[in-house]
């Protein structure tokens, strides 16, 4: 699939230089730079009579962007995996439930069991409901951005003990606790 910059460059490539220049000037600086870079690639490749060549260029550019995004997302996730509960709790204390729910549903965080143990059953239920509702409609890019912002708010990332368990299994365990053993909600 071609990205918008490649599609735009391919259309602009077939225009008169004056028209191409005028249209490029109408774009914002970042968009203009990206389209111009793709235009340079297309020009370097020479006249394109075969759409397969154009598709290959578009695919190469798109693959590069996807690979860069995957590296950043993986790095962010690893940093948040290593975070300790004492860093996570204050970071999430003032966040709305929907942010916390998306973050918890995004991965099996090592700190999640301890975090959820400190919440009331009502809070855990709310987070569970929200995670189910939002996970189906929120784009992965939004969740990745939430993870990225969380990383910037951590004071220092230190190794945390590795534990296993999904949000769903943790929720089931909390639901089975006797009512008098529920902790107080640290987020209120």
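The values are calculated or read from the model by the stated rules, or taken from the named source; none is laboratory data. These figures come from a predicted structure and were not determined experimentally. A quick note on method: Cβ atoms are made from the backbone with ideal geometry, for glycine too, and the neighbour counts reach across all protein chains shown.
Descriptive notes on the structure:
- Just one of the listed residues (136, 160) is exposed (fewer than 14 other Cβ atoms within 10 Å of the Cβ) and modelled with pLDDT under 85, and it is 136.
- Only one of the listed residues (76, 49) is under 30 Å from residue 8 (Cβ atoms) and either at pLDDT 80 or above or part of a helix (DSSP H, G or I) (or both). That residue is 76.
- Residue in the stretch 118-127 that is in a helix (DSSP H, G or I), at pLDDT 90 or above and surrounded by fewer than 15 Cβ atoms within 10 Å (Cβ to Cβ) present: yes
- Filter result for residue 151 (surrounded by 13 or more Cβ atoms within 10 Å (Cβ to Cβ), under 20 Å from residue 110 (Cβ atoms), modelled with pLDDT of 85 or more and under 18 Å from the mean Cα position of the chain (by Cα)): no
- Flag if residue 34 is under 30 Å from residue 13 (Cα atoms), modelled with pLDDT of 85 or more and in a helix (DSSP H, G or I): yes
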